[in-house]
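Note sheet for the following structure.
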Amino acid sequence: MGLDTLEYYPNGLATSLPMDIQIKLLHTLPGLERAEIIRPGYAIEYDYADPVQLKPSLEAKLVANLYLAGQINGTSGYEEAAAQGLIAGINASLQLREMNPHSWREEAYIGVLVDDLVTKGTREPYRMFTSRAEYRLILREDNADLRLRERGRAVGLVNDQDYMTFLNKKASIQMNAERLKGKIIYPNPSTNDRLKAMGGAPIKNPISLAELLRRPEISFQDLIVFDEVCAATESEVAEQIEIQIKYEGYIQRQEEEISRFVKVESVKLPPDIDYKSIHGLTKEVREKLAEIQPISLGQATRISGITPAAISILMVYLKRLGQI
Ligand SMILES: Cc1cc2nc3c(=O)[nH]c(=O)nc-3n(C[C@H](O)[C@H](O)[C@H](O)COP(=O)(O)OP(=O)(O)OC[C@H]3O[C@@H](n4cnc5c(N)ncnc54)[C@H](O)[C@@H]3O)c2cc1C
């Protein structure tokens, strides 16, 4: 929809049904009984290579040094294609330098996209919805550099100047957050008048500026009246401090979940496991594991049809091998 148009793009009503059916369908929606279709929905068909044939690095399991990225892997979308191209390129270069590629599920949407594709495959054109990520409280747009800049640096994609800017920002966030934790305000008429002026409740006990910032009605900018340094703080730094302090409890809980996830991810499954020889696994589980060849116990848990019982059997097997 727009200021100078009467058209609407009915997002979510993706269909390529015949025009007369599309009109009937649209008219069943309350409020759209008399809507007119200006351009009908349409479909594009394309072939793809089943992405479960790829390693988590996007290298083909059967053809060494061949990396696949983009719509050929069953995705749809500009960002999805570009993101895979980036990862395939990074991993191809890491392979040349004999460095290990990394799985990023807990660190970036790109990681979720790649892990979903190579672990579960896809029967529909895959799009990267935020709802596909388990840890989206951490996977935020505002902290993308804090999550990923070090990774970029490690693979040679971040130049010295950008890296220095990043390190300075990180240090500034830490320093300013510590300062707010250490700066105490006291319950006196002057303090409480200022709080009242910003719509906040008075304080009865001394509290730090960090504790004050935890209040929903108080923003980082409000702290300027108590701490002049806040006025000189860059907006990106201020935003991070505000988010980190206000949502500290939730963020911490998710970070604990991530540590548990990483623990299971770090249990590696040797590539040459003969699943047929593992007693107790069903035929279906054996076939799935042999097809996907998960690189870790964590990845195995995400293969559809792999039951908790199968994971327990794998753990016993790995224990015997001395892997855990
Ligand atoms: C009509 C339409 C509208 C779309 N709208 C959107 C949208 O609004 N938003 C969105 O995110 N996505 C949209 N998409 C999807 C998006 O365009 C694709 O998913 C994405 O561009 C795929 O990128 P890719 O690099 O994987 O593949 P492609 O862009 O298809 O690139 C593959 C390239 O390989 C080349 N090639 C093929 N065979 C060979 C060969 N043998 N040798 C050398 N080169 C070869 C092709 O010429 C092509 O340039 C739309 C797609 C269509 C068709």
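The values are calculated or read from the model by the stated rules, or taken from the named source; none is laboratory data. Not measured: the values here are computed from a predicted model. Glycine gets a Cβ as well: all are built from the backbone with ideal geometry, and neighbour counts include every protein chain shown. Just so you know, the surface numbers come from the protein's heavy atoms only, side chains and all, with ligands and any DNA or RNA stripped out. Shrake-Rupley method; radii C 1.70, N 1.55, O 1.52, S 1.80 Å.
Restricting attention to region 16-23, does a residue exist that is in contact with a Phe, Trp or Tyr (Cβ under 6 Å, 6 or more places away or on another chain), open to solvent by less than 60 Å² (accessible area, probe 1.4 Å), within 13 Å of the ligand (Cβ to nearest atom) and part of a loop (DSSP other than H, G, I, E, B)? Talk me through it step by step, then tell me what you get.
Filtering region 16-23 down to residues in contact with a Phe, Trp or Tyr (Cβ under 6 Å, 6 or more places away or on another chain) leaves 16.
Next cut, open to solvent by less than 60 Å² (accessible area, probe 1.4 Å) only: none.
The answer is no; no qualifying residue exists.
Given the condition at pLDDT below 95 and open to solvent by 60 Å² or more (accessible area, probe 1.4 Å), answer yes or no: does some residue in region 101-114 qualify?
yes
Name the pairs whose Cβ atoms lie under 7 Å apart, with the first residue in region 119-131 and farther than 11 Å from GLY77 by Cα, the second open to solvent by 80 Å² or more (accessible area, probe 1.4 Å), and 6 or more positions between them or separate chains?
Hits for this filter: THR130/ARG136.
Regarding region 120-134, can at least one residue be identified that is open to solvent by 50 Å² or more (accessible area, probe 1.4 Å), away from the ligand (no atom under 14 Å from the Cβ) and among the hydrophobic types (A, V, I, L, M, F, W, C)? Break it down into steps so the answer makes sense when it comes.
Applying the first criterion (open to solvent by 50 Å² or more (accessible area, probe 1.4 Å)) to region 120-134 yields 120, 123-125, 127, 129-132, 134.
Retained after the next criterion (residues that are away from the ligand (no atom under 14 Å from the Cβ)): 120, 123, 130-132, 134.
After this cut, where a residue has to be among the hydrophobic types (A, V, I, L, M, F, W, C) as well, the list is none.
No, region 120-134 has no match at all.
Give the residues of region 199-219 that are under 20 Å from LYS246 (Cα atoms) and open to solvent by 40 Å² or more (accessible area, probe 1.4 Å), sorted by residue number.
GLY199, ALA201, PRO202, ASN205, PRO206, GLU211, ARG214, ARG215, PRO216, GLU217
Kindly indicate whether any position in region 76-97 is on the phi > 0 side of the Ramachandran plot and out of contact with any Phe, Trp or Tyr (no Cβ under 9 Å at 6 or more places or on another chain). First the steps, then the outcome.
Going residue by residue through region 76-97, those that are on the phi > 0 side of the Ramachandran plot are 77.
Retained after the next criterion (residues that are out of contact with any Phe, Trp or Tyr (no Cβ under 9 Å at 6 or more places or on another chain)): none.
Checked region 76-97: no residue is on the phi > 0 side of the Ramachandran plot and out of contact with any Phe, Trp or Tyr (no Cβ under 9 Å at 6 or more places or on another chain).
For GLY74, work out the one condition from (1) surrounded by 18 or more Cβ atoms within 10 Å (Cβ to Cβ); (2) over 26 Å from ALA14 (Cα atoms); (3) out of contact with any His (no Cβ under 9 Å at 6 or more places or on another chain) it doesn't fulfil.
Among (1) surrounded by 18 or more Cβ atoms within 10 Å (Cβ to Cβ); (2) over 26 Å from ALA14 (Cα atoms); (3) out of contact with any His (no Cβ under 9 Å at 6 or more places or on another chain), the lone unmet condition for GLY74 is (2).
Are any residues in region 280-308 without any contact (Cβ under 8 Å) to a residue 24 or more places away in the chain and either open to solvent by 80 Å² or more (accessible area, probe 1.4 Å) or more than 28 Å from the chain's Cα centre (by Cα) (or both), and if so, which ones?
Hits for region 280-308 are LYS283, GLU284, ARG286, GLU287, PRO308.
Of the residues that sit in region 24-49 and are open to solvent by less than 60 Å² (accessible area, probe 1.4 Å) and of a type in the set (A, V, I, L, M), which one is nearest to the ligand (Cβ to nearest atom)?
The extreme case among them is ALA49.
Pull up region 50-68, narrow it to residues that are part of a loop (DSSP other than H, G, I, E, B) and under 19 Å from VAL112 (Cα atoms), then point me to the one that is nearest to the ligand (Cβ to nearest atom). Before the answer, list the steps.
Step one: filter region 50-68 for residues part of a loop (DSSP other than H, G, I, E, B), giving 50, 55-58, 61-66, 68.
Checking the rest, the ones that are also under 19 Å from VAL112 (Cα atoms) come to 50, 55-58, 68.
Values: ASP50: 15, LYS55: 19, PRO56: 19, SER57: 18, LEU58: 12, LEU68: 9 Å.
Within region 50-68, the match that is nearest to the ligand (Cβ to nearest atom) is LEU68.
Being in contact with a Cys (Cβ under 8 Å, 6 or more places away or on another chain), open to solvent by 90 Å² or more (accessible area, probe 1.4 Å) and in a helix (DSSP H, G or I), is that true of even one residue in region 161-179?
no
For a quick check of your reading of the model, give me the residue pairs whose first member lies in region 69-93 and is more than 15 Å from ASP115 (Cβ to Cβ) and in a loop (DSSP other than H, G, I, E, B), whose second is near the ligand (Cβ under 7 Å from one of its atoms) and modelled with pLDDT of 95 or more, with beta-carbon atoms closer than 6 Å and at least 6 apart or on different chains.
Pairs that qualify, where the first residue is more than 15 Å from ASP115 (Cβ to Cβ) and in a loop (DSSP other than H, G, I, E, B) and the partner is near the ligand (Cβ under 7 Å from one of its atoms) and modelled with pLDDT of 95 or more, are GLY70/ALA81.
Among ASN159, ASN176, which is the only one that is of a type outside the set (Lys, Arg) and under 30 Å from SER93 (Cα atoms)?
Answer to the check: ASN159.
May I ask you to list pairs of residues, at least six apart or on different chains, whose Cβ atoms are under 7 Å apart, with the first in region 203-227 being part of a loop (DSSP other than H, G, I, E, B) and the second being charged (D, E, K, R)?
Qualifying pairs under 7 Å: ARG214/LYS246; SER219/GLU242; PHE220/GLU242; ASP227/LYS183.
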